[in-house]
């Protein structure tokens, strides 16, 4: 039986046992929903902030590398330990750059595969909309599109099991971190060996590659928000980066030949 409380000048207020149980349940449900939304929002914000911090660190490291020669004394730089200016340490930069060129190709392939996985549902949906309509009994005539749709759905299942997004992000972070570090270490090693830099196509191309790395990484927060413009620019910057990287290889091999010829052992 419900209990009713009458107040002066107010309508009776009834509190039944069922309402007393239901109200806390509704309140708890609302709290859980709010907590879930807050957690999801926090995770998204953390990912965006992390990407922005990576891009900012890359830009700062590149700037430091460009300013380093102006902060060092030429004569003291030339007098460094031979281990820092010898042949072996001088070959670390080109060796790592060959690795990073391959990593660039691999990371780009992963990114395209992830994009393929993300856009496949829309492609399948469009194809299904083109299928013949079923007759009055619900039977739909066969269509050549059936085989194509089945193949695309099978491809999507295969791609979905590879964690392409996570692997692409991991390789991208590795590429950005190692790339900027060794792009700065190369000119620094040249400066330590000879006391000066040699402005030319190789140096300028390397600076351009670092800038494109930082620019592509800076677009990640907007990509995480679903911006197609940011995604298109990200792909464009990385394609230009790969082309510039490939164009830089012949001049890099020329420098490797000079290191093998003139740099002392070790």
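FYI, it's all coordinate maths here, none of it is from the lab. Note that the structure is predicted; figures quoted are calculated from it, not measured. Positions of Cβ are backbone-derived with ideal geometry, glycine not excepted, and every protein chain shown enters the neighbour counts.
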The ratio Rg/Rh over the Cα atoms of the stretch 84-212, Rh being the Kirkwood inverse mean 1/r radius, stands at 1.31
Ranked from fewest to most other Cβ atoms within 10 Å of their own Cβ, 114, 213, 109 fall in the order 109, 114, 213
Hull volume per residue for the stretch 140-249, using the convex hull of the C-alpha atoms, in Å³ is 152
Expressed as a whole-number percentage, the relative contact order of the stretch 211-258 with C-alpha contacts under 8 angstrom and at least six residues apart is 38
Least to most buried among 227, 142, by other C-beta atoms within 10 Å and fewest first, runs 142, 227
If N is the residue count of the stretch 83-131, its Cα Rg over 2.2 N^0.38 Å rounds to 2.20
Least to most buried among 106, 171, by other C-beta atoms within 10 Å and fewest first, runs 106, 171
Once residue 155 and residue 92 are pulled to full extension, the length gained, defined as 0.36 nm per residue separation minus their Cα-Cα distance, is 18.6 nm
